[in-house]
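One structure is given below, encoded as structure tokens.
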Amino acid sequence: MPANQRLCFNCNLPMKRALVRYKHLELEARECPQCQERIFTEDLALKAAAQLEAQRLESEYIKHPIRIGHSWGITFPREIVKVFGFDRPKALVRLHPDVGKGKIEISLQYRQLR
Ligand SMILES: [Zn+2]
């Protein structure tokens, strides 16, 4: 029996992989072939939560650069700040400019600057 195989509590039959549609996402669950009871195991629930979180942040954020003295800045939406932990102590923002693609990637780190 595979590690993530579950038996139905009602029928004691092995549950099968099933996809549950929720908010335009297909979430993986287990379903009993007999009584159609559905469960999300812990790892499936965590996977589903990560999918939902990613979808919530998927939308593009359009921002105008703001002049701050001689520099330029942009502000980050509150949910981005929360999910990526901008407000954590020792949060460092690292910029990776890619001039060829016209992109700047931003990564977050949480340690002291040397
Ligand atoms: Zn069942």
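What FRET efficiency comes out for the pair LEU46/HIS70, r = Cβ-Cβ distance, R0 = 35 Å, nearest 0.05? The pair LEU46/HIS70 has a calculated efficiency of 0.20. Between the helical axis of 42-58 and the longest alpha-carbon principal axis of the chain there is an angle of about 40 degrees. Each pair of Cα atoms in region 58-114 enters the Kirkwood radius, and Stokes-Einstein at 37 °C and 0.692 mPa s then converts it into a translational diffusion coefficient of 249 µm²/s. Gain on full extension, evaluated as 0.36 nm per residue between TYR61 and ASN12 minus their Cα-Cα distance, stands at 12.8 nm. Between LYS16 and GLU31, CYS32, the built amide H atoms are under 5 Å apart, and every one of these is 5 or more places off in sequence or on another chain. For the chain, with all protein chains in place and a probe radius of 1.4 Å, 54% of the accessible heavy-atom surface sits on carbon or sulfur. The length gained by stretching the chain between GLN36 and ARG111 to full extension, at 0.36 nm per residue less their Cα-Cα distance, is 22.1 nm. Taking HIS70, HIS96, HIS64 and ordering them by how much accessible surface each has at a 1.4 Å probe, largest first, produces HIS70, HIS64, HIS96.
For the chain, the per residue solvent-accessible surface stands at 84 Å², with DNA, RNA and ligands left out and a 1.4 Å probe. Here region 16-58 yields Rg over Rh of 1.03, to two decimals, using C-alpha coordinates and the Kirkwood radius. Across the chain, the volume of the C-alpha convex hull divided among the residues equals 199 Å³ per residue.
Heavy-atom accessible area for ASP87, with the other protein chains in place and a 1.4 Å probe, reaches approximately 110 Å². The distance separating the Cα centre of region 9-55 from that of region 83-101 comes to 34 Å.
The values are calculated or read from the model by the stated rules, or taken from the named source; none is laboratory data. Small disclaimer: the values here were computed from a predicted structure and weren't measured. No Cβ is skipped: glycine too gets one built from the backbone with ideal geometry, and neighbour counts run over all protein chains shown. Just the protein is used for accessible areas: all its heavy atoms, side chains included, with ligands, DNA and RNA removed. Shrake-Rupley method; radii C 1.70, N 1.55, O 1.52, S 1.80 Å.
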